[in-house]
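Right, one structure below, let's go through it.
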Amino acid sequence: SDINRPETIQETAEMVTAAGGTGIPVRVDHTVEEEVKLLFERVKAEQNGVLDILVNDIWGGEKLFEWNTPFWEHSLSNGLLMQDRGVRTHMITSYYAAPLMAARKQGLIIEVTDGIGYGYRVNLYYSLAKISAIHLAAAMAEELRPYQVTALAVTPGFLRSEQMLEHFGVQEANWMDAVKQEPHYAESETPYLLGQGVAALAADPDVSEKSGKVFGSWQLSDEYGFVDVDGRKPHWGNYAKKHGFPHTE
């Protein structure tokens, strides 16, 4: 990865196992079709053909977009690479995952994006990638409906990821110090808030009623009644509406 994050897939798998699951790290470049194909062949073989849920949260565009830059002055190669990483990867991955679900007539595909609307997101290339994820979910939902497979999209609010904490020069233990630099960070959330939303959707027997739609972590928190792991209940939808931010409703 050209992002050079210190976190590893092995550490992620260990976190899954520690939480009660069985974490299996598999190195895959989702821009390489053959690697994705082999991944799902392995899933089919090792899990007896069972794939219950796919969460498409592939991105890698952090260093590619230039805020407040007209698209014709923006690096075209970086703009196109954003689509390659943030859209094409999702299409390839769903292409090879969906047959496992359709064969069993059950399953859930979740597209992770930014925002719940189709409005402009400060940069054309970024907007295109994030809005595409929403439409991918809507379009897949229509074609998967006859097979009883659900597809939908979700978004976090202002995320307190490892990368964002590093950007502000803080850690989770003292993240509130970042509010001095960015006041809106007071309404931030950990990745676990959306994670709980995904888990709640997967456990909902009526999740098919949500197929083709997009939901914010705050909406899922309201509906399913969970809070963030730090005990807070951030609501980016209400906060963004209050401050006039776009694509949150």
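Details
- Selected residue (only one of ALA133, ALA139 is part of a helix (DSSP H, G or I) and either surrounded by fewer than 20 Cβ atoms within 10 Å (Cβ to Cβ) or at pLDDT below 95 (or both)): ALA139
- If the condition is being closer than 21 Å to TYR239 by Cα and not in a loop (DSSP other than H, G, I, E, B), then segment 142-156 contributes ALA153, VAL154, THR155.
- The condition (being touching a strand residue (DSSP E or B) at 6+ places or on another chain (Cβ under 6 Å) and either in contact (Cβ under 8 Å) with a residue 12 or more places away in the chain or over 18 Å from MET101 (Cβ atoms) (or both)) is satisfied by just one residue among VAL55, VAL43, VAL28: VAL55.
- Total residues in segment 157-209, condition among the aromatic types (Phe, Trp, Tyr) and outside any helix (DSSP H, G or I): 1
- Residue match in segment 18-27 (condition: of a type in the set (A, V, I, L, M), surrounded by fewer than 12 Cβ atoms within 10 Å (Cβ to Cβ) and more than 22 Å from ALA199 (Cβ to Cβ)): no
- Among the residues of segment 174-212, those that are closer than 26 Å to PHE245 by Cβ and free of Cβ contacts under 8 Å to residues at least 12 places away in the same chain comprise ASN174, MET176, ASP177, VAL179, LYS180, PRO183, ALA186, GLY195.
- One residue stands out in segment 142-173 among those that are among the aromatic types (Phe, Trp, Tyr) and surrounded by 17 or more Cβ atoms within 10 Å (Cβ to Cβ): the one that is nearest to the chain's Cα centre (by Cα), namely PHE158.
- Single unsatisfied condition, THR31 versus (1) surrounded by fewer than 19 Cβ atoms within 10 Å (Cβ to Cβ); (2) in a helix (DSSP H, G or I); (3) among the hydroxyl-bearing types (Ser, Thr, Tyr); (4) within 21 Å of the chain's Cα centre (by Cα): (2)
- Hits in segment 210-248 - residues which are touching an Asp or Glu at 6+ places or on another chain (Cβ under 7 Å) and either in a helix (DSSP H, G or I) or acidic (Asp, Glu) (or both): SER217, ASP228, TRP236, GLY237, TYR239, LYS241
- First in segment 61-75 and closer than 11 Å to TYR125 by Cα, second anywhere and open to solvent by 60 Å² or more (accessible area, probe 1.4 Å), Cβ under 8 Å, 6 or more apart: TRP67/VAL122; PHE71/LEU124; HIS74/GLU66; HIS74/LEU124; SER75/GLU66
- Checking each residue in segment 41-76 for being open to solvent by 80 Å² or more (accessible area, probe 1.4 Å), modelled with pLDDT of 95 or more and not aromatic (Phe, Trp, Tyr) picks out GLU41, ARG42, LYS44, GLU46, GLN47, ASN48, ASP52, ASP57, GLU73, LEU76.
- Filter result for ALA13 (open to solvent by 80 Å² or more (accessible area, probe 1.4 Å), within 19 Å of PRO191 (Cβ to Cβ) and at pLDDT 95 or above): no
- Residues in segment 142-173 that are free of Cβ contacts under 8 Å to residues at least 60 places away in the same chain and under 30 Å from ASP206 (Cβ atoms): GLU143, PRO146, TYR147, VAL149, LEU159.
- Looking across segment 225-239 at every residue that is open to solvent by 40 Å² or more (accessible area, probe 1.4 Å) and not aromatic (Phe, Trp, Tyr), the one that is nearest to ILE116 (Cα to Cα) is identified as ASN238.
- Filtering segment 197-224 to residues that are open to solvent by 60 Å² or more (accessible area, probe 1.4 Å) and among the polar types (S, T, N, Q) leaves SER208, GLN219.
The values are calculated or read from the model by the stated rules, or taken from the named source; none is laboratory data. Worth saying up front: this structure is predicted, and the values here are computed from it rather than measured. Heads up, the Cβs are rebuilt from the backbone with ideal geometry, glycines too, and the neighbour counts pull from every protein chain shown. Keep in mind that these areas ignore ligands, DNA and RNA; they rest on the heavy atoms of the full protein, side chains included. Shrake-Rupley method; radii C 1.70, N 1.55, O 1.52, S 1.80 Å.
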